[in-house]
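Heads up: the structure comes next, in structure tokens.
The values are calculated or read from the model by the stated rules, or taken from the named source; none is laboratory data. Predicted model only: the values in this text are computed from it and were never measured. Virtual Cβ from ideal backbone geometry, glycine too; neighbours counted across all protein chains shown.
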Amino acid sequence: MKAISIVCVIALVAALVVVTPASATTWYVHEGESIQAAINGASDGDTIFVYNGIYSEHVMIDMPNITLKGEGADVVILDGMGTGNVIQLGLTTGAPGCVVEGFTLTNGVCGIAVCSIAPNCIIRNNVLDGMTYNMGSIDGAADNTTVTNNVVANGTGAYGAVCVHDCQFSKVVNNTIRDNTGAGVLLYSDMGIAANNTITGNNISSNGYGIFAYSAGSGNKIYLNDFNDNGASATTFGTTPPDITYWNSTEPIEYTHNGAIHTNYLGNYWSSDYTGSDGDGDGLGDTSYIIPDNLGEDYHPLMAGFENYISEEAPTPATSFLISGYIDYDNGNPILNPTVTVRNMDTSEDFTVKTDAGSNYYRVLTDSSHVSAGNAIFINASDGAVYNGATYIVTASEIETGGFVQDMLLEAGDRPDLTVTGKSEDWVSLKDRTYTVTYTVANIGGDGAGISTTSIKIDGVEETTDSVPALAIGENYTGTVGPFTLSGETDTIEVCSDIADDVDELDDLNNCLENLLEFPDMPELTVTEIITPENIFAGINNVISATVANTGDADSGAFNVSLAAGGSVVDLAAIANIPAGDSTTVSFNWTPSGTGNYEICIFADCDLEVPEPDETNNELCENVDAVSPNPDLIVAKIALKTPGYADEDNTLSVAVENTGVLDAGAFTVSLSVDGTPLPDQTVTQLAAGATTELEYTWTPASTGAHTLYAEADTGNAVTEINESNNDFTRTSVIIDYTDWAQFHYDAAHIGTSPCSAPGTNVTLWISDDIGAVGSSSPVIADGKVFVNCGGTVKSLDISTGTYLGDHGPGSSKYGSWASPCYHDGKIWCAMPGAVNGGIMVADGKVFGGNWDGHHYYCRDEETDEELWDFAVSGYAAGTPGYSDGMVYFTSWVYTGGHIYCVDPDTGSEIWHQTVLLDVCSSPTIVNGIVYLTTYNFYGDGDIYALDATDGDILWSQTIQRSDSTPAVVDGYVYVCGGCAGYSDLQTYCFDAVTGTPVWATDVSDAIGGWTVSVAVADGKVYVGSSDQSMGCKGTYALDAATGDLIWSYPEGGSSPAVADNIVFTIGGGRVYAFYTLPAAVRIEPETLNLNASGVFTAFITLPEGYDVADINVGTVECEGASALSGTVSASDTGTLVVKFARAALVDVGVGDAVRFSVTGELTDGTVFEGSDRIRVIAESDVVEEDE
């Protein structure tokens, strides 16, 4: 049990003691001077004192133990100028142990940001007013951060005012937190760390929430707080609540209520949120308060503010106080193991002094109940012979900072000092296990030493002594004694100088040196493998390799290895050393004199230089055949270098390699598909070791798998080493051009599909929750939908959404997203380490980036061989783009963006362009123009159009901040942006050539998002709306010409994809598929007057396989008007003629190309939709028409 006082919560702060170095300096800043300049000049432990005034700047502290102290929050104002972190601790280098106090911070995004590399900092006695950062006016992301006695008010950030951010053991104590949009205190974790923190003694009033636990960890203690008039007392905002949160003190507390003394585990005051009663009059609710969102229970809620339960007159608690220093001689030598006493002369108290063996450091750890300002502290130090004392007067500032340092010097005097400065053992005979001991005795004192005696002990028994002559100051003597025989596997050897105390020394404790001598381990050399080429050729040099292993317990040292062939040594290799347990590979040159069989032998340590336990296992032999040299032709690979669409010309590349040793003359290469040959090609010559690639044009007639068969030297024109390895077979998978096989459709990321697309929000299917990564986009090919699910890529049936299987790793590092990539039957997602950027395949190559590795890579699609890498400035974040034989990369550096054009064959840079803001998007390349977007952490972003040939900026427009990859079709570029909770959300259309704005959605519609890329098909723009957790909260279809809303759906929205007349999108771990049967619609008259009476006509046809006679006319509608009649055309039985009343049209506007959509159902329930654009007018005084 403990008794509580008004300062019980302040005692939590006192647990952190900031010890200022003895050499600390105070820097003074006056109004008009720079606070940052003073910090830049400061050193570890310094104080920056800021006088009254208004200072407009951002302050960065990247140094330990800095105290930034204002003259008072009522007179020192730090203006953040509307941007950024007003004060930031530890952005680039560590800033532990810092203190920030005495400021009013205004007009900033975040008031005080404490980064993870700045632990043990204190934020106290400040006022933070009107900050806008979602993560808090104070954002503490470092362990053991203390936030105390601050006022945090009027913050507009959505999440919280004081943020305990992925850290442990931090304290939020005695603060007033009021009138903030978000929560008073935010426990926020991306990694489940925000745990074991203490929140107590705070007045948390009139905020959006009292406590917001966003994926917080366990063990947080929240007690003795007042929660008054908050929108809700606590929330998790849908995240997983912690396993354990303590809403009561973890020890019983003694308190007084209504004149009676009670003891209990005290909770919090919940104001009107708690409706229980106090029947027993102990000041605590009789029933628990259930914290919202399954956050636990306050078992003992307070019936009044916590200040009513604590004693106002309680004494100030003691704070830690450290007295420390080093004891040295005046000649600079340390005094090891000194004797030190410390006494408070005012109280006559003797303190306990701690020293460490072999050290000259001493320390006294007490507290302020034993030391006061003005006390005289007497410190006495001794080496056993010489003494020195000093009196130190304690100051008030030292009571506050927690101690002082007092080093002591003792006179060295003019005495000798003998010490053993070195010793070693040398083996006389490993076989006999005998050795000698060599030692050195030096006089390190201030006077000469007479003759002395050195003792040598082995395993504690003195084996011999050795006489040491007189030694002058600084002189030494080296002696060798022995031999001795090792008694077992080890001997403990101790050498001590002046064993008989013949010399009066300065220090008698430094005379001995001891070590353990172990019998040495020995190497063991063996040849474990002989490595020969596939063919050994007579008359030319061949490289023979071997693996030599050291299976012993000691390093081998240098030795030679020989290669013998036919009983004669033909080459030697030298090895410098093989560590114990390791191995190495050596190579030899051998030119056989003729063809035939040879025995070759590798002999390790052929000169017997290395002593080993077994000298008989050093050789390995095998028989080999030497053959005549010739070329050898193989087909190394067949690559599909184009997207692989059916009914289009595709390029197949056949790589032929000469793996032989002689050049090959002319030969023929054949390629067939499904047994049908393509025209043969002739290679006139191929040098030994060279590779040539031949390209064939193939127009596949159907989708699906096709067998490719290639053969080199079909006419056997070349005599080869191996005549049976000339052919190569593999399967290539062809897809439909309406498939969406890569991120944003293709390698150029054009973002548009040539197929029809649904005009209604009818879902074809909704998948199970498969863990689909939010903000990623599916890809569709070969009748399957491929989805990034983080740990793996999953496939679903395109028609039903049924799970089909897994296809290798997905990507979700740091909560990021990437989209899969499909080509020629293979699936990728992203490189290891990638963030947001996925794989792109083009020209037989695979491209991808690795985020903070700052590189993009190019690999061979068929062999997976790395061809080259390319370094970028900053983060390699985007999915590469490819067009017209060039590859394009993006990167960002916070703040600043880069776009690169690179030769895909060599990795050489062609051009490089920079922009002001971060380019986190992927590039889109259409008609010689590169389109990209920028993200701004503090405002609007941009869309840029660059010349694809030289990188010149053609135009740019301001948009909401965005990572969105633009879509380009029919001369227009479509894009969206905005970060929910930080900015508006919008979707845009611009002229693709000039950049002229065409339309933009209204900010009130909140359509779009920074992680969403739009898809365009069939005159419609498909886009999602993002939420604050980087997910999506709805799918929208807009008219591509006007931006008008066609339909919406409350789920999905993550970067839609369009394939096979279906729209696919992701949301909440599921995939959503939207589909309506596409119908062809023609409206008559072509000019429709809304003010005329009568009817208008729709002519409807359906795709092949469907009969318009099956249309249920009663379900057919056009822009709100229901069908009056419907008959199959007499002249064309494939057309249904439907009449509508003009007066029944709903919300149709005038214009030259107004979209009229017609929907309906077949008798089996299948929904169809089609549209036409006509001219609409609204002229008055018209004659009634009858169409």
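Quick look at the numbers
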{"quantity": "ALA213 being crowded, with 23+ Cβ neighbours inside 10 Å and either modelled with pLDDT under 95 or of a type in the set (Phe, Trp, Tyr) (or both)", "calculated": "yes"}
{"quantity": "Answer residue from region 811-868, given it is aliphatic (A, V, I, L, M) and part of a loop (DSSP other than H, G, I, E, B) and is nearest to VAL773 (Cα to Cα) among those", "calculated": "ALA818"}
{"quantity": "First in region 1095-1110 and part of a helix (DSSP H, G or I), second anywhere and hydroxyl-bearing (Ser, Thr, Tyr), Cβ under 6 Å, 6 or more apart", "calculated": "ASP1110/THR1163"}
{"quantity": "Complete set of residues in region 835-855 that are buried (at least 23 other Cβ atoms within 10 Å of the Cβ) and in contact with a Gly (Cβ under 6 Å, 6 or more places away or on another chain)", "calculated": "GLY837, ILE839, GLY849"}
{"quantity": "Single condition ASN541 does not satisfy, out of (1) within 53 Å of the chain's Cα centre (by Cα); (2) crowded, with 18+ Cβ neighbours inside 10 Å; (3) within 30 Å of ASN658 (Cα to Cα)", "calculated": "(2)"}
{"quantity": "Residue within region 607-621 that is loosely packed, with under 13 Cβ neighbours inside 10 Å and within 19 Å of ILE544 (Cα to Cα) present", "calculated": "yes"}
{"quantity": "Residues located in region 270-311, provided they are crowded, with 17+ Cβ neighbours inside 10 Å, over 20 Å from THR256 (Cα atoms) and among the aliphatic types (A, V, I, L, M)", "calculated": "ILE291, LEU295"}
{"quantity": "Among the candidates ASP432, ASP459, ASP447, residue that is of a type in the set (Asp, Glu), outside the structural domain of LEU68 (by TED's automatic domain parsing), without any contact (Cβ under 8 Å) to a residue 60 or more places away in the chain and in contact with a Lys or Arg (Cβ under 6 Å, 6 or more places away or on another chain)", "calculated": "ASP447"}
{"quantity": "Matching entry among ALA992, ALA980 (being more than 30 Å from PRO1078 (Cα to Cα), in the same structural domain as TRP911 (by TED's automatic domain parsing), out of contact with any Lys or Arg (no Cβ under 7 Å at 6 or more places or on another chain) and crowded, with 17+ Cβ neighbours inside 10 Å)", "calculated": "ALA980"}
{"quantity": "Per-region count, region 697-734, residues free of Cβ contacts under 8 Å to residues at least 60 places away in the same chain and closer than 15 Å to TYR645 by Cα", "calculated": "7"}
{"quantity": "Meets criteria (assigned by TED's automatic domain parsing to the domain that holds LYS813 and crowded, with 20+ Cβ neighbours inside 10 Å) for SER891", "calculated": "yes"}
{"quantity": "Strands (runs of 3 or more DSSP E) lying entirely in region 1016-1062 (those with 3 or more residues that are surrounded by fewer than 24 Cβ atoms within 10 Å (Cβ to Cβ) and either on the phi < 0 side of the Ramachandran plot or small (Gly, Ala, Ser) (or both))", "calculated": "1032-1039, 1045-1049"}
{"quantity": "Some residue of region 918-935 being surrounded by fewer than 24 Cβ atoms within 10 Å (Cβ to Cβ), hydrophobic (A, V, I, L, M, F, W, C) and under 31 Å from the mean Cα position of the chain (by Cα)", "calculated": "no"}
{"quantity": "Residue within region 1052-1069 that is within 57 Å of the chain's Cα centre (by Cα), acidic (Asp, Glu) and within 27 Å of CYS821 (Cα to Cα) present", "calculated": "yes"}
{"quantity": "Per-region count, region 382-409, residues farther than 30 Å from THR47 by Cβ and either β-branched (Val, Ile, Thr) or surrounded by 19 or more Cβ atoms within 10 Å (Cβ to Cβ) (or both)", "calculated": "2"}
{"quantity": "Criterion violated by GLY557 - all others in (1) under 45 Å from the mean Cα position of the chain (by Cα); (2) surrounded by fewer than 18 Cβ atoms within 10 Å (Cβ to Cβ); (3) within 20 Å of GLU599 (Cα to Cα); (4) small (Gly, Ala, Ser) satisfied", "calculated": "(3)"}
{"quantity": "Residue count, region 968-1003 (criterion: outside any loop (DSSP other than H, G, I, E, B) and either touching a residue at least 60 places away in the same chain (Cβ under 8 Å) or not small (Gly, Ala, Ser) (or both))", "calculated": "17"}
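Yes or no, residue by residue, for (1) part of a loop (DSSP other than H, G, I, E, B); (2) in contact (Cβ under 8 Å) with a residue 40 or more places away in the chain:
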site: ASP243; (1), (2): yes, no
site: THR256; (1), (2): no, yes
site: HIS262; (1), (2): no, no
site: ASP280; (1), (2): yes, no
